[in-house]
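Read the structure below first, then the notes.
Nothing in this text is a laboratory measurement; each read-out follows from the coordinates by a stated rule. All figures in this text were calculated on a predicted structure; none of them were measured in a lab. Every residue, glycine among them, receives a Cβ derived from its backbone with ideal geometry; neighbour counts consider all protein chains shown.
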């Protein structure tokens, strides 16, 4: 089945550690996105990529990094510089990065810093 | 500046009641897109509908209907004869259609709907 997979579902991190969240899609979409969701809030954009080997910062990129070496993969690294990383992270993709295209979402990764 | 406001934080209804979720948006663009997504307890966002700014026709899909009014900058969502399976957080989102812009979704804070048997 076509879709977006994220792993792991739950992730625990000690303070000071970097962790990488995986996002893979087999929809042949050009654009991919990472969002952060905090309790009682909407989603906020961390990074987005409109095409392979290109990515741009979203609204809350500080303390995060990404890569886009393959069309189907867009991993997110939460670095130790991220002050408050505990949150629910959602990956999404759309057929292109053009405005108005529906974004398809993965099941999310819940990150907890111990 | 672009903004999406969902003033209802939580709504609780009994099964079979009708319920309307409000969404008010702000944008300076004349071309834009509005979305509704459902987030069940599992966490994954499920796409429900997309509307562009040039199409103000209301839409009905089964028990779901949407009312888009540019005059009041609103895009409200009604569930008729609610069911327990409708319990979820519902998000309204806005995407502006600037030339060369990317597909940035601006989300409201969401409305948590609880449908009780």
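Worth pointing out:
- Size descriptor, Kirkwood hydrodynamic radius, that averages inverse alpha-carbon separations across the range A:1-103, Å: 13.9
- Shielding by other protein chains, B:33-45, mean Cβ within 10 Å: 4
- The protein assembly as shown: antiparallel DSSP beta bridges as a percent of all, rounded to 5: 90
- Residue by residue along A:35-41, Cβ atoms of other protein chains within 10 Å of the local Cβ number 3 on average.
- Distant alpha-carbon pairs in the range A:46-114 (separation over 20 angstrom), percent: 30
- Diffusion constant of the range A:1-51 at 20 °C, which comes from Stokes-Einstein with the Kirkwood Cα-pair radius and 1.002 mPa s, µm²/s: 163
- Principal axis box of the protein assembly as shown, alpha-carbon based, largest edge first, Å: 48, 43, 36
- Stretch gain in nm, segment residue B:58-residue B:83, where the contour uses 0.36 nm per residue and the Cα spacing is subtracted: 6.8 nm
- Listed residues B:12, B:95, B:53, most fluctuating in chain B (Gaussian network, C-alpha, under 10 Å): B:12
- Surface/4 estimate of mean projected area, convex hull on alpha-carbon atoms of chain B, nm²: 7.2
- Full-extension gain in nm, residue B:17 to residue B:3, via 0.36 nm per residue minus C-alpha separation: 2.1 nm
- Whole-angstrom gap from the range B:22-68 to the range A:32-88, using each part's C-alpha centre: 24
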